[in-house]
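Novice: Before I ask anything, here is the structure I am working with.
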Amino acid sequence: MTKDERIASYKYSVLEHAYKNKNITGTCRLFNISRTIYYEWLMRFNKYGYLGLKDKERSKPKMPNQIKPDFEQIIYNYIIDYPTHGPRRISNELKTQGIIISETGIYNVLVRKGLNHRLDRLFYAQEHSDNPVITERYQRELEKKKEAHIESFCPGYLFCQDTFYVGTIKGLGRIYQQTGIDAYSNFGLAKVYTTKKAESALDFVKTKVIPVYDLFGIPLDRILTDNGKEYTTHWKNGRHDYEIFLASCGITHSRIKPRCPKSNGMVERFNRTLLEEFYQIVMLRKIYTSLDELQDDLDQFIYNYNFKRTNQGYRLKGKIPYQKFTDGKRKLSLPKPG
C-alpha cells in the first residue's frame, strides 16, 4: 500500500466511524482533528468518492531555466550516435561544436526522457537508428517490456478473466467475484458468487461473457486466466469442466506463467477500480440482505463503466469502452493466427 493509499484509508476510517456512531464531535475528538477538516473530507468523499480522499497532486513547477526543446533534440540526436557517453562527455563534446549546455542540464533532460542509464540510451539508439543491429540482449529486454502490456488487435481477440475476493458481508458470508475485461476495448463484466469453484467461473462465461459477445455479434477467440483450480486442473493430461466448455465453444484457453500475476494485470486493474469506486462506497451506504441485491447494484455500476465513463488508459485515451468495443475494428482485422 502506497503512502497516498494509507492516507485515504485513514480518512475513510474517520468518516466511517462518525457514520456508524452518529457522533461527529466524538469522532473528531477521538482522532484529534477539527470539525472543519472532517467536513472537508466528507465533502470531497461525497463529490469524488473514495478517490477524493487521496491527497491532491501538486502541479509541476515551471522551471524558467529548463532547456529549450530544440536543444533537447540536439541531445537526443547525439545519443543516437554515441549512446555510451554520459552527461559530462556529452556537454564537453557539444562545446567543441559551439553548443553550450551544462552537464546538469543534460542530466535533467536524460532523466525526463528516461535515458539516464547507459542501457536505456543503448536501446533508444537502437530503436531510432536507421540501420539498427538487433542483438540478443536487446531482444531479451524487449520481451520483458512486452510482458507488461497485453496485445489485442480487435474486440474478442482476447478476454481476461480473474477471481477476486471481495470480502465477508454480514448475512451473506464470503463473497467472490468473477471478473473479466476485453483486452482491446476495456469493456468489463463482473458477477458475484459465494464460492470460487469451477462452477462459478463456468457460470460467469455462460451467463455474462458469451451472451454479451453474441449480443454485439463479435466472436470470442481466446480467454486468458491464471492457473487457479477453478480454471484448470493440475493433473497431467487431466480434464477440467471449464476448459472442456471453452473447447466446445471454439474458444482458446490461455494461462499466464506461474507466479506472474502481472501477465493478467489488465483485469487486476479493473478489480481495483471496482473496489475503490464501487464496493468501498456502497458498503458504507447500504446493508445488503441478498446476493441478487448486490449483483443488481454491481450491474448498474458496470453499465455506467462501459457506456458512460471515459477511460484514461493508453488504449482508450478518453474514450468510453463501448465506443472502442464497437468501433468496427473486428471487420477490418486479419484472420485469427493459426
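Values in this text are rule-based calculations from the coordinates and carry no lab data. Quantities reported herein were computed from a predicted structural model and do not represent experimental measurements. Cβ coordinates were reconstructed from backbone atoms using ideal geometry, including for glycine residues, and neighbour counts include every protein chain displayed.
Novice: Using unit Cβ charges (K, R positive; D, E negative) and no other charged atoms, how large, in debye to the nearest 20, is the dipole of the range 3-53 about its Cα centre? Walk me through the numbers on the way to the answer.
Specialist: Numbers: 9 positive and 4 negative charges, 25 e Å.
Dipole of the range 3-53, to the nearest 20 debye: 120 debye.
Novice: For a protection proxy built on the mean count of beta-carbon atoms within 10 angstrom, sort 17-25, 37-45 highest first, please.
Specialist: Output ranking for 17-25, 37-45: 37-45, 17-25.
Novice: Another question, then. On full extension of the chain, what length is gained from TYR76 through LYS206, given 0.36 nm per residue of separation minus the C-alpha to C-alpha distance?
Specialist: On the way: separation 130, 0.36 × 130 = 46.80 nm, distance 5.25 nm.
Result: 41.6 nm gained on full extension.
Novice: Considering the dipole of the chain built from charges on the beta carbon (Lys and Arg +1, Asp and Glu -1) around the Cα centre, which of TYR322, LEU224, ILE281 is farthest to its positive end?
Specialist: ILE281
Novice: Further question on the same structure: How large is the dipole of the range 1-109 about the Cα centre if only Lys and Arg carry +1 and Asp and Glu carry -1, each at its Cβ, rounded to the nearest 20 debye? Could you put the intermediate results ahead of the total?
Specialist: Working: 18 positive and 11 negative charges, 162 e Å.
Rounded to the nearest 20 debye, it is 780 debye.
Novice: So, one more: Just one of (1) 43, 34, 18; (2) 35, 22, 16; (3) 38, 26, 14 is semi-axes √(5λ) of the Cα gyration tensor in Å calculated from these coordinates, so which is it?
Specialist: Among (1) 43, 34, 18; (2) 35, 22, 16; (3) 38, 26, 14, the one calculated here is (1).
Novice: So, one more: Which shape class, rounded, prolate or oblate, goes with the range 159-331 when its Cα gyration tensor gives a ≥ b ≥ c as root eigenvalues, a/c under 1.5 marks rounded, and past that a/b bigger than b/c marks prolate? Present the calculation step by step, with values, prior to reporting the outcome.
Specialist: Details: a/c = 1.63, a/b = 1.07, b/c = 1.52.
Judged from the Cα gyration tensor, the range 159-331 comes out oblate (a/c at least 1.5, b/c at or above a/b).
Novice: Same structure, new question: Lys/Arg Cβ at +1, Asp/Glu Cβ at -1, dipole of the chain taken about the Cα centre: which of VAL209, GLY173, ILE80 is farthest positive-ward?
Specialist: After comparing all options, I get GLY173.
Novice: What aspartates and glutamates sit close enough to LYS324 to cross-link, taking a C-alpha to C-alpha distance under 14 Å and skipping anything fewer than 8 places away on the same chain?
Specialist: ASP182
Novice: At 222 nm, what helix-only mean residue ellipticity would the chain give, in deg cm²/dmol to the nearest 500, using -39500 (n - 2.57) for each DSSP H run of four or more? Show your work: numbers first, answer last.
Specialist: Values: 16 runs with 161 residues, N = 338.
One gets -14000 deg cm²/dmol as the mean residue ellipticity at 222 nm.
Novice: Also, quick follow-up: Tell me the angle of helix 291-307 to the major Cα principal axis of the chain, expressed in degrees between 0 and 90 and rounded to the nearest ten.
Specialist: 30
Novice: Another question about this same structure. Please find the FRET efficiency linking TYR19 to ASP55, where r is the Cβ-Cβ separation and R0 is fixed at 25 Å, and quote it to the nearest 0.05.
Specialist: 0.70
Novice: To the nearest 20 debye, what charge dipole does the chain have about its Cα centre, counting +1 at the Cβ of each Lys and Arg and -1 at the Cβ of each Asp and Glu? Kindly include the intermediate steps, with their values, before the conclusion.
Specialist: Working: 56 positive and 38 negative charges, 174 e Å.
Charge dipole of the chain: 840 debye, to the nearest 20.
Novice: To the nearest 0.05, what FRET efficiency results for ILE99 and SER254 with a Förster distance of 56 Å applied to their C-beta separation?
Specialist: On the way: r = 51 Å, r/R0 = 0.92.
With a Förster radius of 56 Å, E is 0.65.
Novice: Between VAL282, VAL111, VAL212, find the one with the highest GNM mean-square fluctuation for the chain; connect C-alpha pairs within less than 10 Å.
Specialist: In this elastic network of the chain, the residue with the biggest mean-square fluctuation among VAL282, VAL111, VAL212 is VAL111.
Novice: Another question about this same structure. By how many degrees, 0 to 90 and rounded to 10, does the Cα axis of helix 87-96 deviate from the longest principal axis of the chain?
Specialist: Value to nearest ten degrees: 40.
Novice: What does DSSP give for the chain in terms of the percent of beta bridges that are antiparallel, rounded to the nearest 5? List each step's numbers first, then the result.
Specialist: Numbers: 16 of 22 bridges.
Restricted to the chain, the bridges split so that about 75 percent are antiparallel.
Novice: Of ILE150, TYR50, TYR10, which is farthest along the charge dipole of the chain in the positive direction, counting Lys and Arg as +1 and Asp and Glu as -1 at C-beta?
Specialist: My answer, from the dipole projection, is TYR10.
Novice: Continuing with this model, one more query. Output the 0 to 90 degree angle, nearest 10, between the alpha-carbon long axis of helix 3-21 and the longest principal axis computed from the alpha carbons of the chain.
Specialist: It is inclined by approximately 30 degrees.
Novice: Still on this structure: At a 10 angstrom cut-off on C-beta neighbours, averaged per residue, how do the peptides 65-73, 304-312 rank from highest to lowest? List each step's numbers first, then the result.
Specialist: On the way: 65-73: 11.9, 304-312: 15.1.
Taking the mean over residues of other Cβ atoms within 10 Å, the ranking is 304-312, 65-73.
Novice: Right, something else. Which entries of LYS3/LYS197; LYS197/LYS236; LYS286/LYS317 show an alpha-carbon separation above 24 angstrom in the structure shown? Mind dumping the intermediate values first?
Specialist: Working: LYS3/LYS197 35 Å; LYS197/LYS236 20 Å; LYS286/LYS317 33 Å.
With Cα atoms farther than 24 Å apart: LYS3/LYS197; LYS286/LYS317.
Novice: OK, next. Specify the residue with the greatest mean-square fluctuation among LYS319, LYS286, LYS54, computed from a Gaussian network of the chain linking alpha-carbon atoms under 10 Å apart.
Specialist: LYS286
Novice: For a quick check, take a GNM of the chain with Cα springs below 10 Å and name the residue from ARG272, ARG121, ARG112 with the largest mean-square fluctuation.
Specialist: Greatest mean-square fluctuation among the candidates belongs to ARG112.
Novice: Past 20 Å, Cα to Cα: identify those pairs from LYS170/LYS308; LYS47/LYS308; LYS11/LYS54; LYS229/LYS257; LYS11/LYS47, in the order given.
Specialist: The pairs that break the limit, which is 20 Å between Cα atoms, are LYS170/LYS308.
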